[in-house]
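Asker: Next up is a structure, given as structure tokens.
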Amino acid sequence: MISYKYSQYLSKSNDKMFDELYEPGQSTPHSGIYRCEGCGKEATSVLTHPLPPQNHHVHTPSQGQIRWRLAVWG
Ligand SMILES: [Zn+2]
């Protein structure tokens, strides 16, 4: 779970970039913190660098493939 202390440093956004799922290893479309849709594990990634690969962490069969969703942009 991603945590913060001072809410004045964050702002709420309804941008569609938070709705999209991104493939492991693809070029990072927005710098920030990503959350795996399968298990909730988080990873930080920087614009144009590859998102963490499929072997970043192990899933059970029911968790499926790693798919990254942007959780915090910035
Ligand atoms: Zn995962």
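Since every read-out is calculated from the coordinates, none of them should be taken as a lab result. What you see is a predicted model; the values in this text were computed from it and never measured. Positions of Cβ are generated from backbone atoms using ideal geometry, with glycine treated the same way; all protein chains shown enter the neighbour counts.
Asker: Mind jotting down the three principal axis lengths of the chain based on Cα atoms? Whole angstrom, largest first.
Answerer: 39, 24, 18
Asker: Nearest 20 debye, what's the magnitude of the dipole of region 1-66 about its Cα centre given +1 on Lys and Arg Cβ and -1 on Asp and Glu Cβ?
Answerer: Working: 5 positive and 6 negative charges, 51 e Å.
Result for region 1-66 is approximately 240 debye, rounded to the nearest 20.
Asker: Which cross-chain or sequence-distant (5 or more) residues have an amide H under 5 Å from the amide H of A71, H modelled 1.01 Å from N in plane?
Answerer: It is I33, Y34, R35, by chain and number.
Asker: Residue by residue, what Karplus-based ³J(HN,Hα) values in Hz, rounded to whole numbers, does region 11-25 have, using 6.51, -1.76 and 1.60 with θ = phi - 60° and x for Gly and Pro?
Answerer: These are the phi-based 3J(HN,Hα) values: 10, 6, 9, 10, 4, 5, 4, 7, 9, 7, 9, 10, 7, x, x Hz.
Asker: Using the per-residue mean of other Cβ atoms lying within 10 Å as a proxy for protection, in what order, highest first, do the peptides 20-32, 1-13, 53-65 fall?
Answerer: Values: 20-32: 15.0, 1-13: 7.1, 53-65: 10.8.
Answer by packing, highest mean first, reads 20-32, 53-65, 1-13.
Asker: Each residue of region 28-40 in turn: what ³J(HN,Hα) in whole Hz from Karplus with 6.51, -1.76, 1.60 and θ = phi - 60°, glycine and Pro shown as x?
Answerer: For region 28-40, the Karplus-derived couplings read 5, x, 8, 4, x, 9, 10, 10, 6, 5, x, 9, x Hz, x marking Gly and Pro.
Asker: Next up: Along the positive direction of the dipole of the chain (beta-carbon charges: Lys, Arg +1; Asp, Glu -1; about the Cα centre), which of M1, C39, W68 reaches farthest?
Answerer: M1
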